[in-house]
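The block underneath contains the structure these notes are about, expressed in structure tokens.
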Amino acid sequence: MGNYVENNLGKNETIVKKADRNGLFLLSAWLKGILFCWLLLIPTIKAIIATIQFNHVELAITTKRVVGKTGVFNTKSLDAPLNKLQNVSVTQKLSGKIFNFSTVKITTAAGELAFGAIKNGEAFKSMLMAQIDQFEEDRIKLQATQMAQAVAGAINK
């Protein structure tokens with residue numbers, strides 16, 4: 001994995017959780033490539049492309065937002081504040097159930113972005129939801145502190 005997330009952290013922002021990826025996601029592509037390589041090498045080329053795409057996906061939760069990137073030449077990036085997320089869904093096919101990987105789709109007002117081959121997709125989603133709750137609690141506490149300081153400052157004048 002690259003360091004897209006680390007390079008795009010904001011002030012006072014730390015990574016809470018980086019999504020782990022499961023390489024077994026590529027198993028079927030490589031099996032087809034090996035078994036049917038005599039068919040004009042198309043399955044092998046598809047397996048190579050899938051591997052390259054797999055290595056260029058990042059997804060992480062920070063203290064303030066969700067940051068992610070997919071793609072090699074045509075890249076899509078996600079940089080959404082936690083309080084602006086509309087939906088997080090996890091899809092897991094049969095092979096994903098066997099090898100413990102799933103697709104996490106994150107929806108914002110700007111659109112939807114899917115991140116495949118995420119290990120423990122449900123656990124990642126739970127961590128994201130917990131971080132959203134924590135972000136909201138911290139925002140309310142900060143707002144209350146600022147309000148209390150403003151009132152105390154007005155009373156002391």
- May I ask you to list the residues in region 110-157 that are open to solvent by 80 Å² or more (accessible area, probe 1.4 Å) and touching a strand residue (DSSP E or B) at 6+ places or on another chain (Cβ under 9 Å)? ALA110, GLU112, LYS119, GLU122
- Extreme residue, nearest to VAL5 (Cα to Cα), among residues of region 73-116 that are within 11 Å of the chain's Cα centre (by Cα) and among the small types (Gly, Ala, Ser): SER77
- If the Cβ limit is 8 Å and pairs must be 6+ apart or interchain, which residue in region 122-143 that is under 13 Å from ALA60 (Cα atoms) pairs with which residue that is open to solvent by 90 Å² or more (accessible area, probe 1.4 Å) and not in a helix (DSSP H, G or I)? none
- Is it true that GLY96 is open to solvent by less than 40 Å² (accessible area, probe 1.4 Å), part of a helix (DSSP H, G or I), touching a strand residue (DSSP E or B) at 6+ places or on another chain (Cβ under 8 Å) and closer than 19 Å to SER28 by Cβ? yes
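From the residues in region 51-72 that are part of a loop (DSSP other than H, G, I, E, B) and closer than 20 Å to LEU26 by Cα, which one is farthest from the chain's Cα centre (by Cα)?
Just the residues of region 51-72 that are part of a loop (DSSP other than H, G, I, E, B), to begin with: 55-57, 63-64, 71-72.
Still in the list and also closer than 20 Å to LEU26 by Cα: 55-57, 71-72.
On the way: ASN55: 14, HIS56: 13, VAL57: 9, GLY71: 13, VAL72: 16 Å.
Here the residue is VAL72.
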- Item | Given (1) at pLDDT 90 or above; (2) of a type outside the set (Asp, Glu); (3) not in a helix (DSSP H, G or I), number of the condition THR145 does not satisfy | (3)
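The values are calculated or read from the model by the stated rules, or taken from the named source; none is laboratory data. In this text, all values refer to a predicted model and were calculated from it rather than measured experimentally. Ideal geometry is used to build each Cβ from the backbone, glycine not excepted, and the neighbour counts take in all protein chains shown. To get the accessible areas, we keep the full protein, side chains included, count just its heavy atoms, and leave off ligands, DNA and RNA. Shrake-Rupley method; radii C 1.70, N 1.55, O 1.52, S 1.80 Å.
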